[in-house]
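The values are calculated or read from the model by the stated rules, or taken from the named source; none is laboratory data. Just so you know, these numbers come straight off a predicted model, no measurement behind them. In this analysis, Cβ positions are derived from the backbone assuming ideal geometry, glycine residues included, and neighbour counts consider all displayed protein chains.
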Amino acid sequence: MDANEMKRYVCEAFDGVRALDSSGDTFLMYDPDGDLPAERQFPFATIVTGDHYDSVSRLNRPDTYRLNIGLTKATYTGSFGAVPTRRDADGVLETGLDYAVVDRLMPHPVYASQYWVCVVNPGTQTWETVQTLLTEAHGFAARKYTNQQGRREQRPEEGS
């Protein structure tokens with residue numbers, strides 16, 4: 001599955017997803033009405049196709065991309081334990097992992113401390129897990145959206 005196929009999968013498999021593309025990368029958000037204000041547009045998953053943000057995954061290789069998924073703290077720590085905290089001079093978290101390995105789920109090289117994971121070119125080894133994690137991340141994003149909408153509706157009108 002290439003990056004475009006991954007984007008298509010997420011957009012078709014999950015309701016309310018809006019994909020924003022920038023510089024060849026895709027940011028996948030839960031935004032069922034397509035009206036989230038910019039300050040609330042936070043993705044639950046991203047598809048990164050180049051070394052724009054870091055180079056440790058070596059995404060400059062042909063046909064290489066990295067799927068990043070934001071998890072709940074419980075799911076992240078249940079899979080990987082405590083989040084890494086030590087960073088190298090480039091800001092990459094020191095985990096001892098080779099972030100360029102394909103088809104292996106691992107902590108995100110920069111955002112693991114916010115409970116993000118990644119897979120370079122998800123394939124047969126990780127596909128079932130990726131589907132499960134995307135389902136959870138989408139559900140969590142949908143709950144946050146619904147909670148935020150409820151808080152907005154409970155606020156009194158300004159100037160009343």
When (1) in contact with a strand residue (DSSP E or B) (Cβ under 8 Å, 6 or more places away or on another chain); (2) among the β-branched types (Val, Ile, Thr); (3) surrounded by 17 or more Cβ atoms within 10 Å (Cβ to Cβ) are applied to Val56, the one that fails is (1)
Taking the stretch 83-134 and the residues there that are of a type in the set (A, V, I, L, M, F, W, C), in a loop (DSSP other than H, G, I, E, B) and touching a strand residue (DSSP E or B) at 6+ places or on another chain (Cβ under 9 Å), the one that is surrounded by the fewest Cβ atoms within 10 Å (Cβ to Cβ) would be Val101
Can you say whether Asp63 is more than 24 Å from Ala142 (Cα to Cα), surrounded by fewer than 18 Cβ atoms within 10 Å (Cβ to Cβ) and touching a Lys or Arg at 6+ places or on another chain (Cβ under 8 Å), as far as the supplied structure shows? no
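Residue by residue, here is whether (1) in contact with a helix residue (DSSP H, G or I) (Cβ under 8 Å, 6 or more places away or on another chain); (2) surrounded by fewer than 13 Cβ atoms within 10 Å (Cβ to Cβ); (3) at pLDDT below 95; (4) acidic (Asp, Glu) holds:
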| site | (1), (2), (3), (4) |
| --- | --- |
| Phe14 | yes, no, no, no |
| Val17 | yes, no, no, no |
| Pro37 | no, yes, yes, no |
| Val48 | no, no, no, no |
| Asp51 | no, no, yes, yes |
What are the residues in the stretch 104-137 that are in contact (Cβ under 8 Å) with a residue 40 or more places away in the chain and β-branched (Val, Ile, Thr), if any? Val110, Val117, Val119, Val120, Val130, Thr135
Please verify whether the stretch 97-117 includes one or more residues that are modelled with pLDDT under 95, at positive phi and not hydroxyl-bearing (Ser, Thr, Tyr). no
